[in-house]
1. Only one of 194, 152, 183, 173 is modelled with pLDDT under 60, more than 24 Å from residue 76 (Cα to Cα) and either surrounded by fewer than 15 Cβ atoms within 10 Å (Cβ to Cβ) or within 20 Å of the chain's Cα centre (by Cα) (or both); which?
2. Tally the residues that are in contact with a strand residue (DSSP E or B) (Cβ under 7 Å, 6 or more places away or on another chain) and either part of a helix (DSSP H, G or I) or surrounded by 21 or more Cβ atoms within 10 Å (Cβ to Cβ) (or both), restricting the search to the range 27-37.
3. Given the structure, is residue 24 in contact with a helix residue (DSSP H, G or I) (Cβ under 9 Å, 6 or more places away or on another chain), at positive phi and either assigned to a helix (DSSP H, G or I) or crowded, with 18+ Cβ neighbours inside 10 Å (or both)?
4. If you take the residues of the range 38-52 that are without any contact (Cβ under 8 Å) to a residue 40 or more places away in the chain and surrounded by fewer than 20 Cβ atoms within 10 Å (Cβ to Cβ), which of them is farthest from residue 84 (Cα to Cα)?
5. Here is a list of conditions, (1) farther than 19 Å from residue 33 by Cβ; (2) modelled with pLDDT of 65 or more; (3) exposed (fewer than 15 other Cβ atoms within 10 Å of the Cβ), and residue 188 meets all of them except one; can you say which number that is?
6. Within the range 1-21, which residues are within 19 Å of residue 98 (Cα to Cα) and part of a loop (DSSP other than H, G, I, E, B)?
7. Whether any residue in the range 57-65 is surrounded by fewer than 22 Cβ atoms within 10 Å (Cβ to Cβ) and touching a residue at least 40 places away in the same chain (Cβ under 8 Å) is what I want to check.
8. Would you confirm, using the coordinates I've provided, whether residue 94 is out of contact with any strand residue (DSSP E or B) (no Cβ under 9 Å at 6 or more places or on another chain), surrounded by fewer than 14 Cβ atoms within 10 Å (Cβ to Cβ), free of Cβ contacts under 8 Å to residues at least 60 places away in the same chain and not in a loop (DSSP other than H, G, I, E, B)?
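The values are calculated or read from the model by the stated rules, or taken from the named source; none is laboratory data. The structure presented is a predicted model; accordingly, all values stated were derived computationally and were not measured. Backbone-built Cβ (ideal geometry, glycine too); neighbour counts: all protein chains shown.
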């Protein structure tokens with residue numbers, strides 16, 4: 001199926017695969033809403049990961065439901081969007097799956113991703129959790145609406161491949177990051193923070 005007229009792209013992969021960077025480039029080129037899935041983790045999850053403790057399915061459930069709500073809002077409003085989410089297991093992706101959701105799986109060698117994680121200074125997830133993420137990862141299967149992108153190149157090249165393979169059209173004024181108001185929702189009836197607008 002792949003892309004429809006107003007798809008929601010879920011940029012997925014293990015931490016360090018470049019999800020946030022590629023998503024930001026795509027949002028800038030397409031003029032679509034952008035949400036950073038890591039920002040939607042409850043505080044308990046952030047503290048657990050910062051302490052080097054892997055999340056389990058119970059930890060991830062409320063986070064995945066929050067991401068699903070963002071996706072459903074965009075699908076119901078027929079508004080395209082981009083959200084990052086590791087989406088490591090098929091059962092996690094099943095929670096996020098909608099008719100016009102496309103999973104963009106960024107994959108790279110463990111060595112490459114490990115080097116990226118070690119160089120990061122602005123993220124709560126330590127490089128020590130990479131092994132648990134790799135062990136948990138279930139790459140998308142053929143019956144899933146997904147494309148696989150080699151993360152061993154520059155983020156700009158990876159984003160360009162996503163645009164080309166899905167037949168997406170860059171938006172007018174795409175030099176600006178994200179939608180008209182980057183980081184805000186274009187869904188009707190939503191406030192800038194994405195919460196329901198006051199009556």
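1. Step by step, each of 194, 152, 183, 173 is checked, and only 173 is modelled with pLDDT under 60, more than 24 Å from residue 76 (Cα to Cα) and either surrounded by fewer than 15 Cβ atoms within 10 Å (Cβ to Cβ) or within 20 Å of the chain's Cα centre (by Cα) (or both).
2. Here the count works out to 6.
3. In short, no.
4. Taking the candidates together, the pick is 51.
5. So residue 188 meets the others, but not (1).
6. Listed by number, the residues that qualify are 1, 2, 3, 4, 5, 6, 7, 13.
7. Checked the range 57-65: no residue is surrounded by fewer than 22 Cβ atoms within 10 Å (Cβ to Cβ) and touching a residue at least 40 places away in the same chain (Cβ under 8 Å).
8. Working: out of contact with any strand residue (DSSP E or B) (no Cβ under 9 Å at 6 or more places or on another chain): yes; surrounded by fewer than 14 Cβ atoms within 10 Å (Cβ to Cβ): yes; free of Cβ contacts under 8 Å to residues at least 60 places away in the same chain: yes; not in a loop (DSSP other than H, G, I, E, B): yes.
The answer is yes for residue 94.
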